[in-house]
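Have a look at the structure below, then the notes.
Every number here is computed from the coordinates shown, using simple stated rules; none is lab data. Keep in mind that what you see is a predicted model, and the values were worked out from it rather than measured. Here the Cβ is made from the backbone with ideal geometry for all residues, glycine too, and neighbour counts use every protein chain on show.
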Amino acid sequence: MTLKGIVRRGLAAIVVAAALALGPTAAPAQTIRAVMHSDLKILDPIWATAYIIRNHGYMIYDTLFALDEKGQPQPQMVDHWKVSEDKLTYIFTLRDGLKWHDGLPVTAEDCIASIKRWGARDAMGQKLMGFIGEFKAIDEKTFSLTLKQPYGLVILSLAKPSSNVPFMMPKRVADTPPDQQISDFTGSGPFVFKKDEWKPGEKVVYERFKDYKPRQEAPSGTAGAKVVKVDRVEWIAIPDAQTAVNALLAGEVDLVEDPPFELFPLLKADKNVGFANVNTLGNEFTLRLNHAVPPFDNPKIRRAALMALDQIDFLQAQVGDAEYYKECRAMFVCGSTFATDKGSEGLLQGNAAGARKLLQEAGYDGTPILLMHSTDLSVLTNLAPVAKQLWERAGFKVNMVDMDWQSLVARRAKRVPVAEGGWNVFITSWVAADVLNPISSAFIAANCEKAAPGWPCDATLEKLRDAFARETDPAKQKALAVQVQERAYEIAAYAPLGLWYKPMAYRKDRLAGFVNAPAPLFWNLTKKGG
């Protein structure tokens with residue numbers, strides 16, 4: 001090993017040792033130590049869509065329904081349910097023995113309040129709430145949901161597997177206004193969040209919830225039995241990717257969620273390291289424009305921005321190895337039910353000359369674009385500089401501002417002018433399971449102030465999404481999905497930058513039992529040693 005490698009490994013050991021020193025003097029017998037893709041600073045999985053917050057949500061909360069590995073919704077907290085003949089009333093009965101972490105029983109009122117709060121923030125939830133006329137608690141474990149008109153996506157909505165996930169919370173917590181973050185983190189999920197041991201930037205700790213009652217079915221996707229087989233999970237914050245990988249190689253951590261592609265050869269050379277590709281559907285790089293402030297309040301300028309971009313440039317810069325990426329201009333994921341290229345003609349293929357001409361027609365006055373650049377997530381780091389280069393080539397002026405991911409998440413929520421702390425562009429990534437149809441895909445929603453950050457406002461697109469939601473015929477649904485995508489490209493709702501795939505790296509001499517799902521799940525995992 002080179003001197004540089006020795007120093008890096010030594011640094012990894014120091015970082016991990018320092019983080020461990022912050023906790024109890026004697027760790028439980030079975031503790032999984034994982035380095036996640038980002039530090040956890042925000043704890044409300046309904047208030048923000050960042051995946052680290054979603055991952056935290058899966059640790060401590062549960063859901064009424066969940067998607068199995070085949071993408072089919074299955075009951076989770078629900079024991080049984082039925083629908084009236086007119087398809088307007090759904091009645092749900094919870095399983096026996098469901099408890100919150102404080103020992104109180106989970107009730108129908110808790111679930112109603114949780115659905116309402118989620119439905120105020122999430123794009124799919126907002127669409128569902130628009131069809132609901134009334135909720136009613138029938139008894140402690142049973143509640144009804146009555147629609148104003150038939151809606152074909154009720155159960156699929158409640159089984160949404162990724163951001164925002166409809167996690168259930170106690171009513172006192174779910175009654176928190178949707179635009180405010182919660183401060184009580186009582187869940188009913190398989191792990192308990194140890195707030196007293198949470199040290200942002202250093203460590204997050206979860207312990208097994210001994211009173212959790214798992215389902216009897218085998219785990220599949222986010223559905224089935226959530227059987228925790230370890231006592232404790234610790235997320236160790238190691239911002240430097242090389243240091244995190246060295247910690248894994250040295251055996252100081254058990255798992256690295258987001259190993260950089262350039263270090264795969266080093267990891268593959270170690271016989272004790274394995275790869276777990278749990279998100280088999282892959283991920284979509286996504287560029288989001290802010291429709292609410294100049295210059296992207298002008299639709300022609302938004303179209304010019306998409307015309308100047310080139311998917312392959314982003315994929316090669318960020319991923320590099322063609323084994324792990326795929327060009328794809330289908331907003332609903334290539335190879336899936338609603339995949340189509342319609343509407344993308346002439347876009348995302350690096351047409352700088354065409355973009356420059358369109359900018360001139362739009363009267364672009366040289367207003368600088370504030371491009372937020374996430375610097376601490378290895379999977380996003382190289383993307384913003386590519387956008388900057390492509391746009392400057394087409395005649396845009398670009399001000400790229402570096403920041404950590406959590407700061408970006410906080411800033412993108414601000415719907416104010418750039419001069420007052422606002423923004424114009426950010427780049428993120430969605431798991432493919434989040435963007436498989438016009439209702440679940442948050443960046444397709446164009447309901448103005450209620451839309452996800454970027455806030456597109458387009459009545460035509462919303463009418464098409466409503467029609468898709470009402471339709472039950474598969475062929476007609478597919479035709480409507482094509483129209484949705486065509487309109488989304490026409491208004492430049494967002495720019496898909498291609499698909500990518502990345503497995504987690506782990507110590508295969510210690511861990512086993514990974515469950516394939518859009519999010520990293522820590523139930524069903526076993527560990528050898530402490």
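Taking a Cβ-Cβ separation under 4.7 Å as the criterion for a possible partner, which cysteines of the chain have none?
111
What is the order of 415, 302, fewest Cβ neighbours within 10 Å to most?
Going from sparsest to densest Cβ surroundings: 415, 302.
Calculate, in whole percent, how much of the Cα-Cα pair population of region 202-305 lies beyond 20 Å. Each step should come with its number before you reach the end.
Values: 3468 of 5356 pairs.
Summing the P(r) tail past 20 Å for region 202-305 gives 65 percent.
What is the calculated FRET efficiency for residue 116 to residue 89, with r their C-beta to C-beta distance and R₀ = 22 Å, to the nearest 0.05?
0.80
Quick one: Cα centre-to-centre distance for region 308-342 and region 380-407, in angstrom?
Their Cα centres are 19 Å away from one another.
Taking the Cα centre of the chain as origin and charging only Cβ (+1 Lys, Arg; -1 Asp, Glu), how large is the dipole, in debye to the nearest 20?
Dipole about the Cα centre, nearest 20: 320 debye.
Taking amide H positions as placed 1.01 Å from N in the peptide plane, with prolines and chain starts having none, which residues 5 or more places from residue 370, or on another chain, fall under 5 Å of its amide H?
399, 424, 425
Across every pair of different alpha-carbon atoms, what Kirkwood hydrodynamic radius in Å does the chain reach?
That comes to 23.9 Å for the chain.
At a threshold of 8 angstrom on Cα-Cα distance, excluding pairs fewer than six apart, so keeping six or more, what relative contact order does the chain reach in percent?
The normalised contact order for the chain reaches 21 percent.
Rounded if a/c is under 1.5, else prolate if a/b is larger than b/c, else oblate: which is region 283-500, with a ≥ b ≥ c the root eigenvalues of its Cα gyration tensor?
rounded
Could you list log10 I(q)/I(0) for region 62-174 at q = 0.20, 0.21, 0.22 Å⁻¹, which the Debye formula gives when each Cα is one point scatterer?
-1.12, -1.24, -1.37
Can you give me the C-alpha center-to-center distance between region 444-513 and region 41-94, rounded to a whole angstrom?
19 Å
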